[in-house]
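Here's the structure we're looking at; comments come further down.
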Amino acid sequence: MRSRGKGGAGGEHEIIIKRRSKKGHEDEHGGAWKVAFADFTLAMMALFMVLWIIQPQMEMSNPSYGEMESNPLVDGGAGIFDGTSTSPLELDGMPIRPAPSEPERQRDERSSDAGETPADGTRRYASSAELQALAALMQEVAGQVDALANLEVNVVPQGLRILIKDDQQRFMFQRGSAVLNPHFARLLGVLAGVLSKVENKLIISGHTDATPYRLQSGYNNWNLSGDRALRARNVLVDAGLPGGSVLQVTAQADVMPLRPDAPEDGANRRVEILLLTDSAEALYKELFGDSYGKVRFSESGARYSGEGQKGI
């Protein structure tokens, strides 16, 4: 566009105005960055998918995976084997657990394989999921004999804790004796049918309330709880439980009440069956077996007997 104007000296000059078209922001930068960003997003998504897929395999291959699950020395309170004990051995808050031997590891691997079943139909239970399934089976057979109120089954760090107890209408034993109620004999019978297919070892303990026993001189709650535990063991064996499945029959009297605030309450009267994991069984054998080093004394003097040696 041109315009004419007068100059200061009487001359004329031309004023030229140029008009330029405005360019858009997109025209200046282009759309290539969008393609690059889409490629980057796709690559990150592929990376996350790969990490998500391989994560379970990494956990299963980790030697420490599931270590605490089978630890026989974790939370509790009163005893190592009753499911209520705290760990007596700790280092900086971490419980000490003896490493399983090679035969035990191989046995655990075989038992964890659902496709392998021994010819006699028995199996060993190790993981929490397997013990939960066994507990559900025991509840089922207890329901078949109308004894759900008399059975309590819990998974504990040491294995499976099975409580057989009185209800408001029925006592397991006649008061002050080891005479077993027929209803509880039937319950023990169906439990024996389940436990006879289990390779894990058992500990059976008898418990009373704190009411003193006065009928016979010298016979007290210790004798009574022991007789009741032994009676329960015999009924189980008569019903088909292999005798070698029971590692120990023990009397607890009233020292392990379920209700410490009410020691004379009848809820404390019970028989407990503890089904041991391999780790708890190994610990039991270390405590009561003859596999650790010791010093033996004789007329000829003291002699050290190392691990695995009998000494004299």
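Scanning segment 216-231 for residues that are part of a loop (DSSP other than H, G, I, E, B) and of a type in the set (Ser, Thr, Tyr) yields Ser217, Tyr219.
When Glu140 is tested against (1) assigned to a helix (DSSP H, G or I); (2) closer than 21 Å to Ala251 by Cα; (3) among the acidic types (Asp, Glu), only condition (2) is not met. Could you list, in sequence order, the residues of segment 232-263 that are among the acidic types (Asp, Glu) and assigned to a helix (DSSP H, G or I)? Hit for segment 232-263 is Asp238, nothing else.
Determine whether Gly240 is surrounded by fewer than 16 Cβ atoms within 10 Å (Cβ to Cβ) and either without any contact (Cβ under 8 Å) to a residue 60 or more places away in the chain or within 20 Å of Leu151 (Cα to Cα) (or both). Judged against the criteria, Gly240 is a match. Tallying residues that are touching a strand residue (DSSP E or B) at 6+ places or on another chain (Cβ under 6 Å) and assigned to a strand (DSSP E or B) within segment 198-215 yields 6.
Read-outs: derived from the displayed coordinates by stated rules, not from any lab. These figures come from a predicted structure and were not determined experimentally. Here Cβ is always computed from backbone atoms with ideal geometry, including for glycine, and neighbour counts include all displayed protein chains.
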